[in-house]
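> Pasting a structure here, questions to come.
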2 protein chains.
Amino acid sequence: MANSITDLFHIKYPIIQAGMVWCSGWRLASAVSNAGGLGIIGAGSMYPEVLREHIRKCKAATSCSFAVNVPLLYPNVAEIMDVIIAEGVSIVFTSAGNPATWTSFLKQQGVTVVHVVANTKFALKAEACGVDAIVAEGFEAGGHNGREETTTLCLIPLVKKAVNIPVIAAGGISSGAAMLAAFALGVSGVQIGSAFAVALESSAHPDFKAKILQAQEGDTQLRLKKLVPVRLLKNAFAEEVAIAEAAGADAAQLSVLLGRARAKAGMFEGDMEEGELEIGQVSAGLTKVAPAAVILQEIWQEFLTEKERLKQLKF
Amino acid sequence: MANSITDLFHIKYPIIQAGMVWCSGWRLASAVSNAGGLGIIGAGSMYPEVLREHIRKCKAATSCSFAVNVPLLYPNVAEIMDVIIAEGVSIVFTSAGNPATWTSFLKQQGVTVVHVVANTKFALKAEACGVDAIVAEGFEAGGHNGREETTTLCLIPLVKKAVNIPVIAAGGISSGAAMLAAFALGVSGVQIGSAFAVALESSAHPDFKAKILQAQEGDTQLRLKKLVPVRLLKNAFAEEVAIAEAAGADAAQLSVLLGRARAKAGMFEGDMEEGELEIGQVSAGLTKVAPAAVILQEIWQEFLTEKERLKQLKF
């Protein structure tokens, strides 16, 4: 049982848990890796010394592969990279920035590098920079998002056609059926965020997990488009942003409205009204908090079942 | 070779050509039906007597099943329905409106009825009204669109879980791989718009077809959200709308900006700058004008090839 992605990461299942601010620390990452997927520590919400602690605890909790996700727009990326190299992390996912800046440095240190993109232009650029694989993430994904608003179903075929390295699909995938749909489009792996944000081992605040499970269709919207587009769950803050945007608020006004530390306040500290709650459209279909291993196995078993069903179609 | 959708419509392939204003008259509908799919005459851009002429010409051009699409928000729906019954049309797709208004009337006349929805709430309502199947259409689709902005990959699993009647996927499907992805999600058929808008037999203006083929990622955007959300190809008009929306224009101002007959001017008469150009995100991947039968067979053959590839996966 192997393909280019399981080979690249030395994992059992081609299922990657997305690096998510305030959700994916060492507990979630090690749980996913121990279950046979690739767990990712999300460095985006960590100071360098906090990341060091998470890497060490993750290593103590699992002998399997795990990765660190680094959003390149964060201020202290150089220190984060120092910690990653010093602690011997072997797989890094970079996102939200230019793949030219860090790829060759990481590759020279022997690190496997994956870059997250929302369009073909950056997929080609990342491939040219020497990354080992691409995550192509669609409009339905939670958190930071592309300006083109291309959905996973439309994006994957375009990226697959453009690059020769393995492609991992992200955005809109929380079930085995959706994973199979991504494989039908030619990917070699899937990256799953929201479904693992509600895992028992996720460090998301329990009230945030409960709110995710209550979400219905239309309850997440792409907001702050004039700043950095981000998919948010509806609450008082998101409504305030929606009203400001409908009235024509510019980037500076949105920046004031956003202020600081709202993501932490919402996702980690549990302020369900004034916090910034990043989650994907699939939240409308999530039904329970469960251990990461159970979530992963349910997705995998459904993938196999649906693959068998598809085989039996009379066409 | 049969499933619930091929049985329902008496067609060979579970491929339905979307009813599209200014693109899908009798020439396109009969070409798709003769090729083994279900062709649809788009009544949304037709006066009742024009529709009558298209139905008669379609009947003369094919002995296969075809359908008429009726957007229920158009003013002269009652006269359109009279023409449909008088001319003996056996399949009607209703969209952009309340399925309660016309479903029982059509069913009493022995017509097979399908309703197009963008959310689960309306899928359930349509099922309760007695429709025979549902088209569930995602955010990536061209033309009129749902307010929830749910993508096809996220919408289909939710609708499939909610209803017991056959589901047809629409939005983001222009290839056999995307068709297979939709079948992986459990649908029994696909509805394809943009790929048939550039068919030889489509009545879209040649300049519109050429502009669709030039489109890149991000070149379509959901606009006029405060009025009726519609996915438009970028041009001078769409840019004017984008600027007005960014500045906070309200529904009344957008309505003035839209004016009248822009869809005809753009898609049918070829005004590429001031016209309203409705097309889906898949336009970024379309490469040529070809006969509808060629487009349909390419999709179908790729569906079979990709289905075989998926079978061979080592998992």
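> Just one of the numbered conditions (1) closer than 24 Å to A:D271 by Cβ; (2) within 16 Å of the chain's Cα centre (by Cα) is not true of A:V190; which one?
In the conditions (1) closer than 24 Å to A:D271 by Cβ; (2) within 16 Å of the chain's Cα centre (by Cα), A:V190 misses (1) alone.
> Out of everything in region A:284-304 that is within 12 Å of chain B (Cβ to nearest Cβ) and within 30 Å of B:E149 (Cβ to Cβ), what residue ends up being surrounded by the fewest Cβ atoms within 10 Å (Cβ to Cβ)?
Once the filter is applied, the top-ranked residue is A:T287.
> Can you confirm whether region B:283-297 contains a residue that is at pLDDT 95 or above, among the basic types (K, R) and under 30 Å from B:A184 (Cα atoms)?
yes
> Among the residues that make up region A:9-31, is at least one of them crowded, with 23+ Cβ neighbours inside 10 Å, touching a His at 6+ places or on another chain (Cβ under 7 Å) and in a helix (DSSP H, G or I)?
yes
> Pairs only if they're at least six apart or on different chains, beta carbon under 7 angstrom, first in region B:1-18 and within 11 Å of chain A (Cβ to nearest Cβ) and without any contact (Cβ under 8 Å) to a residue 40 or more places away in the chain, second polar (S, T, N, Q) and not in a strand (DSSP E or B); list them, first residue then second.
Partner pairs satisfying both residue conditions: B:K12/B:T6.
> For region B:37-48, give me each residue that is surrounded by fewer than 21 Cβ atoms within 10 Å (Cβ to Cβ) and out of contact with any helix residue (DSSP H, G or I) (no Cβ under 7 Å at 6 or more places or on another chain).
Within region B:37-48, just B:Y47 meets the criteria.
> Can you pull out every residue in region B:244-265 that is over 16 Å from B:S45 (Cα atoms), away from chain A (no Cβ under 14 Å) and surrounded by 12 or more Cβ atoms within 10 Å (Cβ to Cβ)?
B:S255, B:L257, B:L258
> Same structure again: Pull up region B:217-248, narrow it to residues that are in contact with a Gly (Cβ under 8 Å, 6 or more places away or on another chain) and of a type in the set (A, V, I, L, M), then point me to the one that is nearest to B:I279 (Cα to Cα).
Among them, the one singled out is B:V230.
> Here's another thing I want to ask about it. Determine whether region B:44-52 contains at least one residue that is within 14 Å of another protein chain (Cβ to nearest Cβ) and part of a loop (DSSP other than H, G, I, E, B).
no
> Restricting region B:195-216 to residues that are of a type in the set (A, V, I, L, M) and in a loop (DSSP other than H, G, I, E, B), which is farthest from B:M272 (Cα to Cα)?
Taking region B:195-216 and keeping what is of a type in the set (A, V, I, L, M), we get B:195, B:197-200, B:204, B:210, B:212-213, B:215.
In the following step, the residues that additionally are in a loop (DSSP other than H, G, I, E, B) were identified as B:198, B:200, B:204, B:215.
Working: B:V198: 15, B:L200: 19, B:A204: 12, B:A215: 13 Å.
Out of the qualifying residues, it is B:L200.
> Follow-up question, since we're still on this one. Quickly run through region B:224-235 and pick out the residues that are of a type outside the set (K, R) and either assigned by TED's automatic domain parsing to the domain that holds B:F196 or in a strand (DSSP E or B) (or both).
Within region B:224-235, B:V230, B:L232, B:L233 meet the criteria.
> Only residues that are at the interface with another protein chain (Cβ under 10 Å from one of its Cβ atoms) and of a type in the set (G, A, S): list them for region B:196-221, please.
Within region B:196-221, just B:G218 meets the criteria.
> Could you list, in sequence order, all residues of region B:71-91 that are assigned to a helix (DSSP H, G or I) and crowded, with 18+ Cβ neighbours inside 10 Å?
B:V77, B:I80, B:M81, B:V83, B:I84
Residue by residue, here is whether (1) assigned to a loop (DSSP other than H, G, I, E, B); (2) farther than 24 Å from A:A177 by Cα holds:
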position: A:G218; (1), (2): yes, no
position: A:L222; (1), (2): no, yes
position: A:F237; (1), (2): no, yes
position: A:G266; (1), (2): no, yes
position: A:M272; (1), (2): yes, yes
position: A:A284; (1), (2): no, no
position: A:E298; (1), (2): no, no
position: A:Q301; (1), (2): no, no
position: A:L304; (1), (2): no, no
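> Among the residues of region B:139-148, what is the count of those that are surrounded by 24 or more Cβ atoms within 10 Å (Cβ to Cβ) and within 7 Å of another protein chain (Cβ to nearest Cβ)? First the steps, then the outcome.
Taking region B:139-148 as the starting set, the residues that turn out to be surrounded by 24 or more Cβ atoms within 10 Å (Cβ to Cβ) are B:139-143, B:145.
Those still in the list that are within 7 Å of another protein chain (Cβ to nearest Cβ) too: B:139-140.
Here the count works out to 2.
This table checks each residue for (1) outside any helix (DSSP H, G or I); (2) in the same structural domain as B:A128 (by TED's automatic domain parsing); (3) loosely packed, with under 15 Cβ neighbours inside 10 Å.
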site: B:N69; (1), (2), (3): yes, yes, no
site: B:F93; (1), (2), (3): yes, yes, no
site: B:L106; (1), (2), (3): no, yes, no
site: B:G110; (1), (2), (3): yes, yes, yes
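> Here's another thing I want to ask about it. When residues of region B:150-165 are filtered for being more than 8 Å from chain A (Cβ to nearest Cβ) and not in a helix (DSSP H, G or I), how many remain?
Restricting attention to region B:150-165, the residues satisfying the condition of being more than 8 Å from chain A (Cβ to nearest Cβ) are B:156, B:159-160, B:162-165.
Going one step further and asking which of them are not in a helix (DSSP H, G or I), we end up with B:163-165.
Selection size over region B:150-165: 3.
> Could you list, in sequence order, the residues of region A:172-195 that are surrounded by 24 or more Cβ atoms within 10 Å (Cβ to Cβ), out of contact with any Phe, Trp or Tyr (no Cβ under 7 Å at 6 or more places or on another chain), closer than 20 Å to A:F9 by Cβ and more than 7 Å from chain B (Cβ to nearest Cβ)?
A:I173, A:A182, A:V187, A:G189, A:V190, A:Q191, A:I192, A:G193, A:A195
> For region B:112-120, check the following and say yes or no: at least one residue is without any contact (Cβ under 8 Å) to a residue 24 or more places away in the chain and either buried (at least 20 other Cβ atoms within 10 Å of the Cβ) or outside the structural domain of B:V198 (by TED's automatic domain parsing) (or both).
Within region B:112-120 (the criterion being without any contact (Cβ under 8 Å) to a residue 24 or more places away in the chain and either buried (at least 20 other Cβ atoms within 10 Å of the Cβ) or outside the structural domain of B:V198 (by TED's automatic domain parsing) (or both)), the answer is yes, since at least one residue qualifies.
> In addition: Could you tell me which of the residues B:A60, B:A128 is surrounded by fewer than 24 Cβ atoms within 10 Å (Cβ to Cβ), away from chain A (no Cβ under 14 Å), over 23 Å from B:V190 (Cα atoms) and modelled with pLDDT of 95 or more?
Unique residue meeting the criteria: B:A60.
> Please go through region B:223-243 and give me each residue that is farther than 10 Å from B:Q281 by Cα and touching a residue at least 60 places away in the same chain (Cβ under 8 Å), ordered by number.
B:K225, B:V228, B:P229, B:V230
The values are calculated or read from the model by the stated rules, or taken from the named source; none is laboratory data. Everything quoted here is computed from the prediction, not taken from an experiment. We place every Cβ from the backbone using ideal geometry, glycine too, and count neighbours over all the protein chains shown.
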